[in-house]
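The values are calculated or read from the model by the stated rules, or taken from the named source; none is laboratory data. Quick caveat, the model's predicted, so the values are computed rather than measured. Positions of Cβ are backbone-derived with ideal geometry, glycine not excepted, and every protein chain shown enters the neighbour counts.
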Amino acid sequence: MTITLPGATAAIDTATLIHASLRGLDALVPSLGARAAAFVIDGAGAGVLEELSKLGVGGRDALGAPGRVRVWPGEGLTDGLRNTLYRDVAPSATNIAMLVRLGKVLAAADGGMSLEKTGAPMPDWLHYLLNDALCVTCIPSHYRAEPPPRTAWTVDLLAAILRHEGLPDTMALPIVFERGALREFYHGQTYRPLLAPGALDAWLLAAPDRVAACAREMSNSGKVMLATRLGADSALAEAFAPLLAELACSDTISVRTAAAALVTASAAFAPTLAGLLASNKLEVRIEAANWLAWLGAERGRTAIPALHAALAKETRETASAAMLTALERLGEDIAPLLAPERLLAQAKKALKGKPPAGLAWFDMAQLPACRWEDGSPVPPEIIQWWVALAYKLKEPGGNPLFDRYLGLLDRASRAALGSHVLRQFIAQDTRGASHDEAVAYANGKAPQLYADYQELAQREPVWFAEKGKLTYEEVFEQCKREKLDIYLGTAINEKGILALASGMAGHEMVTAIRQYMRDHYPRRAQVEALLEAAAASDDPAAIQFVLATARRYRTRSVKEKARMLVDRIAARNGWSADELADRTVPTGGLDESGTLQLHYGSREFTVTLDAAMKIVLRNAEGKTVAALPEPRKDDDAEAIAEAKQQLTQCKKEVRQVIEQQTARLYEAMCAGRAWPLADWREYVERHPLVGRLAQRLAWMTDGGLCFRPAGDGTLVDTNDDDVALDEGATVRLAHAALLPAEQAAAWLKHFKDYKLAPLFAQMTRTLPALDLQRKGEGNSAPLEIADRQGWLSDAFTLRGAFTKLGYQRTADFEGHFFTTYHKEFPAAGIRVAIEFTGNALPEENVPAAVKTLAFQAITPRGQADSQLPLAQVPPVLLAEAYGDYHAVAASSRFDEHWQKKVPWQS
């Protein structure tokens, strides 16, 4: 065999190459490299292995630590002679014997000092050979380069090496996939050539039973690698559908997650899933039932008998719940299984056991009395059982079974139960010291702390002068607040009970969760659990709240969670995210005419909105009244209570809708969203609340025709002429960036003449005077605007200006320093980033200057990605962000020496 070295003009034979690659050993012991090479080439002088084993560190270093797996780009031996040998080796019998002996030389010389094992069972010499061939010498020279080729290194070559040494070739599959002894970061890059398509596909397809048996013996890491590889090829995924189904039901999250992404809606999975219902592992039974529910009636019906049989034997409530859900999803009528007498028997049986320790704080006796849909009372044991079951399932967003359970109750019971559970959860999670306990704590601590402050102020006035100015009363209040701010418990482990909150009145739920998020935002896990509960509700107010959180929230992970929940709600209803937002705007109970009728006992009242969208309450004579009067003695108490609740809900929903829809319409304007005319009329113009907001905005069609809804069903232009729209038109919000200057001015005059305050400014911000297509340095398109760079103020003034415009600071990787404020527009997939000279955290009021305006793409997970050329930014968003940039700079003034006056230069 001859090999041509890169850059060489002549071929080199294998023997010469091996001699050259082991020559470094000669520096340790004369001719040792030559004797080791002779052994590798033809097996002569096997005693050299014992001599190599005595080299110690020198042997490891002379061969470049050949046992490594964790090799970074630039650390490998990609230019070495062994790389060339491995690259071009042919899988002949002679070469296989030579590779075996080379592995033994590497193992002897290194002595285990650099050996990093993958977790697969194999002799050390083979570990050395594979690590050296596929890791140490197979790592790219730098991050963007491709690794050196290893076309001959397939599972067939590996099997041949094993057979040469009398080892079973069944060892090959664990070697290819097993990564149990390595950190996850290195799983994908280790032995990458063995995972390549081709020989491995044929090997897997030829022995499916052997693959399945091998999978069951591998570590979780190996199973993940196997599932990922099977999913990389449609033929493999189809052939191994039963194995993927089995892995998708694993009781280990990492394996389950990897396989779950590969399971398709195919009937081929149903038989395996049906068999797994009999598993002795609880988690496997639950996952199998969940997957059958996901497959649906068309593909999973063959598993119905197995589900019934498994349900009859099941003793664990969590698995029974999953099986009931699956049966219903597969088209079975489970009503007989939900009969009140059956539920009561199940409840009594479940409550006989020891109550969950985690719910010791939850007073079951205080649960509200509930009624079935027919008005008959629900035995309290059933509601108590549902609470305990929800706790065990740990799904704050609920599941189809709880949807059915709650659907058995009347509306008032669902609302009362949901309200009670959610408020109990929040009360437990925010439990703190009482006022008396805080006072007692302050009485014990404040005197000494006050004395300490006085002493420190005198001894170190530079550092403690402000503390010394505090009065005793102020120090006392500080100590009291310190005690009150300490959480005495948490309810996060009991988050599952929130599954019962979905029937709660939407406006009440939103108010409670919003207050929690405002006062306890650091408790991220609880915030996300509460959002899941809100997303499970079909109440428009709750859905709009989740949508608003997905658009704007201070914590990135919470925004990501909200976006995922929006996708879930949209999928549940078969809508896009925009369609979901349009179709779920609460009305406050107002009809299309903008009126709410209140039946207040024997009297009638109406609710309307005035020009400022404030609630107006009128009696039957049309006279405005400040509030509902006291009820009469003969008035129906239930009718009175219902009317009061309607009025309260109307007030809250109107307030929430104005806030949320103003923000949504502004973002729609910036993103350039266009509505088909029919949708715009149905969900914008005719909506009793959104329609009123729309009247305070200018709109335009895709053909450039501008108009404003007049409120009487007509559309008018700036001359007060009626406008007729083509039925095929699309409608979007108008903006100065899209209109000639004279038309924008005409709209400003129109609103002024009508004494109508625009919902937000549309006609005042224009595009920057830039050539967005020009090419800059390196022939690149412009990426940022810097015409306000150097406008100097202080950090707190700039912070106030940014905050007023809805921007948030962007912390650096370690969270100790930041140099930008940002505002996200998820509908456009863009983050606006305005850079300044920076500040440390916690913030100090240091000199600070504005720098540049730029735009970043947002990844599906809500993270900022690459910087966008200005030409790719929607024009309205560019104009609005440019206006924000100038508005922030207006709080400062230009200083030509700004760079010398700021403490940091980013």
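Table: residues versus (1) touching a residue at least 24 places away in the same chain (Cβ under 8 Å); (2) hydroxyl-bearing (Ser, Thr, Tyr); (3) not in a loop (DSSP other than H, G, I, E, B).
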{"site": "ARG732", "(1), (2), (3)": "yes, no, yes"}
{"site": "ALA737", "(1), (2), (3)": "yes, no, yes"}
{"site": "GLU742", "(1), (2), (3)": "no, no, yes"}
{"site": "LEU748", "(1), (2), (3)": "no, no, yes"}
{"site": "LYS752", "(1), (2), (3)": "no, no, yes"}
{"site": "ALA757", "(1), (2), (3)": "yes, no, no"}
{"site": "THR764", "(1), (2), (3)": "yes, yes, no"}
So GLY375 fits all but one of (1) buried (at least 18 other Cβ atoms within 10 Å of the Cβ); (2) more than 36 Å from the chain's Cα centre (by Cα); (3) not aliphatic (A, V, I, L, M); what number is the exception? (1)
Pair list, Cβ under 6 Å, 6 or more apart: the range 607-629 residue part of a loop (DSSP other than H, G, I, E, B), other residue exposed (fewer than 15 other Cβ atoms within 10 Å of the Cβ) and at pLDDT 90 or above: ASP610/VAL616; ASN619/VAL625; ALA620/GLU604
For the range 1-25: of the residues being closer than 21 Å to LYS104 by Cα, among the β-branched types (Val, Ile, Thr) and touching a helix residue (DSSP H, G or I) at 6+ places or on another chain (Cβ under 8 Å), which is modelled with the lowest pLDDT? THR14
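Can you tell me which residue within the range 173-185, out of those that are over 14 Å from ALA227 (Cβ atoms) and out of contact with any Cys (no Cβ under 9 Å at 6 or more places or on another chain), is surrounded by the fewest Cβ atoms within 10 Å (Cβ to Cβ)? Steps first, please.
Here is the first cut: in the range 173-185, the residues over 14 Å from ALA227 (Cβ atoms) are 174-175, 180-185.
Next, from what is left, pick out any that are out of contact with any Cys (no Cβ under 9 Å at 6 or more places or on another chain): 175, 180-185.
On the way: ILE175: 22, GLY180: 18, ALA181: 13, LEU182: 18, ARG183: 10, GLU184: 10, PHE185: 8.
Across the range 173-185, the extreme among qualifying residues is PHE185.
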List, please: which pairs have Cβ atoms under 8 Å, are six or more places apart or on different chains, and start with a residue in the range 367-385 that is not assigned by TED's automatic domain parsing to the domain that holds LEU337 and end with one that is surrounded by 19 or more Cβ atoms within 10 Å (Cβ to Cβ) and among the hydroxyl-bearing types (Ser, Thr, Tyr)? none
Among the residues of the range 511-534, the number that are farther than 22 Å from LYS394 by Cα and at pLDDT below 90 is 2
Given the structure, is LEU28 crowded, with 20+ Cβ neighbours inside 10 Å, at pLDDT 85 or above and in the same structural domain as ALA152 (by TED's automatic domain parsing)? no
Can you work out which of the residues in the range 887-906 that are crowded, with 17+ Cβ neighbours inside 10 Å and not polar (S, T, N, Q) is farthest from the chain's Cα centre (by Cα)? TRP898
Within the range 76-84, is there a residue that is at pLDDT below 85, hydroxyl-bearing (Ser, Thr, Tyr) and in a helix (DSSP H, G or I)? yes
Filter result for the condition that a residue is more than 28 Å from GLU642 (Cα to Cα) and free of Cβ contacts under 8 Å to residues at least 12 places away in the same chain, over LYS354, LYS394: LYS354
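Test THR810 against the criterion of being of a type in the set (Val, Ile, Thr), touching a Phe, Trp or Tyr at 6+ places or on another chain (Cβ under 9 Å), at pLDDT below 95 and buried (at least 22 other Cβ atoms within 10 Å of the Cβ), and give yes or no.
Details: of a type in the set (Val, Ile, Thr): yes; touching a Phe, Trp or Tyr at 6+ places or on another chain (Cβ under 9 Å): yes; at pLDDT below 95: yes; buried (at least 22 other Cβ atoms within 10 Å of the Cβ): no.
Here the answer is no, as THR810 does not meet what is asked.
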Given the conditions (1) in the same structural domain as GLU317 (by TED's automatic domain parsing); (2) of a type outside the set (Gly, Ala, Ser); (3) surrounded by fewer than 20 Cβ atoms within 10 Å (Cβ to Cβ); (4) more than 30 Å from TRP291 (Cβ to Cβ), and given that PHE464 satisfies all but one, which numbered condition is not satisfied? (1)
The range 186-204, residues that are surrounded by 14 or more Cβ atoms within 10 Å (Cβ to Cβ) and either hydroxyl-bearing (Ser, Thr, Tyr) or not in a loop (DSSP other than H, G, I, E, B) (or both): TYR186, THR190, TYR191, ARG192, PRO193, LEU194, LEU195, ALA199, LEU200, ASP201, TRP203, LEU204
Which pairs have Cβ atoms under 6 Å, sit 6 or more apart or on different chains, and link a residue in the range 669-694 that is aromatic (Phe, Trp, Tyr) to one that is assigned to a helix (DSSP H, G or I)? TYR683/ASP582
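Based on this model, can you work out whether ALA215 counts as surrounded by 23 or more Cβ atoms within 10 Å (Cβ to Cβ) and either among the small types (Gly, Ala, Ser) or in a loop (DSSP other than H, G, I, E, B) (or both)?
On the way: surrounded by 23 or more Cβ atoms within 10 Å (Cβ to Cβ): no; either among the small types (Gly, Ala, Ser) or in a loop (DSSP other than H, G, I, E, B) (or both): yes.
So ALA215 does not fit the description; no.
Checking the condition surrounded by fewer than 21 Cβ atoms within 10 Å (Cβ to Cβ), modelled with pLDDT under 80 and of a type outside the set (Ser, Thr, Tyr), which residue from LEU295, LEU262 passes? If you could, list the steps in order and put the result at the bottom.
Details: LEU295 fails: surrounded by fewer than 21 Cβ atoms within 10 Å (Cβ to Cβ).
None of the other options fit; the residue is LEU262.
For the range 417-510, please list each of the helices (runs of 4 or more DSSP H) lying entirely inside it that holds at least 1 residues being under 30 Å from THR549 (Cβ atoms) and at pLDDT below 90. Break it down into steps so the answer makes sense when it comes.
On the way: elements: 435-459, 461-468, 472-484.
Where helices (runs of 4 or more DSSP H) fall fully within the range 417-510 and carry at least 1 residues being under 30 Å from THR549 (Cβ atoms) and at pLDDT below 90, they are 472-484.
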I'd like the residue in the range 298-321 that is touching a residue at least 40 places away in the same chain (Cβ under 8 Å) and either of a type outside the set (Val, Ile, Thr) or over 13 Å from ASN399 (Cβ atoms) (or both) and, out of all such residues, is surrounded by the fewest Cβ atoms within 10 Å (Cβ to Cβ). GLU317
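Can you tell which of LYS633, LYS644 is free of Cβ contacts under 8 Å to residues at least 60 places away in the same chain, among the charged types (D, E, K, R) and assigned to a helix (DSSP H, G or I)? It would help to see each step written out before you state the result.
On the way: LYS633 fails: assigned to a helix (DSSP H, G or I).
LYS644 is the lone residue from the list that is free of Cβ contacts under 8 Å to residues at least 60 places away in the same chain, among the charged types (D, E, K, R) and assigned to a helix (DSSP H, G or I).
Take the conditions part of a helix (DSSP H, G or I) and either surrounded by fewer than 20 Cβ atoms within 10 Å (Cβ to Cβ) or assigned by TED's automatic domain parsing to the domain that holds SER254 (or both) and apply them to THR151. Does it pass?
Working: part of a helix (DSSP H, G or I): no; either surrounded by fewer than 20 Cβ atoms within 10 Å (Cβ to Cβ) or assigned by TED's automatic domain parsing to the domain that holds SER254 (or both): yes.
Taking the combined requirement at face value, the residue does not satisfy it.
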Restricting to the range 467-491, name every residue that is within 27 Å of the chain's Cα centre (by Cα) and buried (at least 16 other Cβ atoms within 10 Å of the Cβ). ALA491
Somewhere in the range 778-798, is a residue over 23 Å from ARG552 (Cβ atoms), of a type in the set (A, V, I, L, M), in contact with a Phe, Trp or Tyr (Cβ under 7 Å, 6 or more places away or on another chain) and modelled with pLDDT of 90 or more? yes
Among LEU393, LEU408, LEU401, which is assigned by TED's automatic domain parsing to the domain that holds MET323, closer than 17 Å to THR325 by Cα and more than 29 Å from the chain's Cα centre (by Cα)? LEU408
With the condition kept exactly as written, say whether any residue in the range 166-177 is over 16 Å from ALA120 (Cβ atoms) and not β-branched (Val, Ile, Thr). yes
Read through the list (1) assigned to a helix (DSSP H, G or I); (2) of a type in the set (S, T, N, Q); (3) modelled with pLDDT of 90 or more, then give the number of the only condition that SER537 fails. (1)
Please enumerate the residues belonging to the range 97-123 that are surrounded by fewer than 18 Cβ atoms within 10 Å (Cβ to Cβ) and either part of a helix (DSSP H, G or I) or not assigned by TED's automatic domain parsing to the domain that holds GLY59 (or both). ALA97
